[in-house]
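To keep things clear, I will list the structure first and then write my remarks on it.
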Ligand SMILES: [Zn+2]
C-alpha cells in the first residue's frame with residue numbers, strides 16, 4: 001500500500017516535471033508544494049509501518065514467552081495428593097498419576113521412610129476417612 005502510494009507520488013512528480021511547471025509561478029508553487037507534502041506523508045507512513053512491524057514482532061515474542069510461562073504453570077498445577085505420615089505425621093505429597101500406574105508403587109515418607117501409600121488399593125486416599133469412621137461410630141451409638 002505504501003509502495004503504491006510512493007509510486008503514485010513519484011508518478012505525480014514525473015507528471016509535474018513533464019508539464020514543465022514554472023516553480024516561480026503561483027500555481028506551480030502550489031503544485032510543487034502539494035507533491036512535496038504528499039512525498040513527506042508517504043515517507044512518514046512508511047516509517048510508521050516499519051515501527052508497527054517492529055511492535056508486532058515484539059508483541060509476538062511476548063506472546064510466545066507468555067505461552068511458555070503458562071505451560072510451565074500448567075505443569076506445576078498437576079494434581080498432587082497429600083497424605084499424613086502415620087508415623088511422624090508429616091504431610092507427604094505425591095503425584096496423582098501414581099494412582100493410575102499399573103505397577104505397584106510405594107510412596108514413602110521422606111522424613112522417616114514409613115510407607116504412606118501403596119497404589120494397590122490397600123490405602124484409602126480419602127484424608128477425611130477418619131472423620132467418616134467417627135461419624136459411623138456415633139450413628140451406631142445412637143441405635
Ligand atoms: Zn514420616
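The values are calculated or read from the model by the stated rules, or taken from the named source; none is laboratory data. Nothing here was measured: the structure is a model prediction, and the numbers come from that model. When we count neighbours, we look across all protein chains shown, and the Cβ atoms used for this are built from the backbone with ideal geometry, even at glycine.
Let's see how each residue does on (1) in contact (Cβ under 8 Å) with a residue 12 or more places away in the chain; (2) out of contact with any helix residue (DSSP H, G or I) (no Cβ under 8 Å at 6 or more places or on another chain); (3) within 30 Å of residue 115 (Cβ to Cβ):
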residue: 6; (1), (2), (3): yes, no, no
residue: 29; (1), (2), (3): no, yes, no
residue: 35; (1), (2), (3): yes, no, no
residue: 39; (1), (2), (3): yes, no, no
residue: 44; (1), (2), (3): no, yes, no
residue: 57; (1), (2), (3): no, yes, no
residue: 63; (1), (2), (3): no, yes, no
residue: 71; (1), (2), (3): no, yes, no
residue: 89; (1), (2), (3): no, yes, yes
Residue check, residue 123 out of contact with any helix residue (DSSP H, G or I) (no Cβ under 7 Å at 6 or more places or on another chain), at pLDDT below 80 and either farther than 20 Å from residue 90 by Cβ or in the same structural domain as residue 87 (by TED's automatic domain parsing) (or both)
yes
Open item on the list: I'd like to check something: does the stretch 54-75 contain any residue that is at pLDDT 95 or above and within 16 Å of the ligand (Cβ to nearest atom)?
Closed with: no
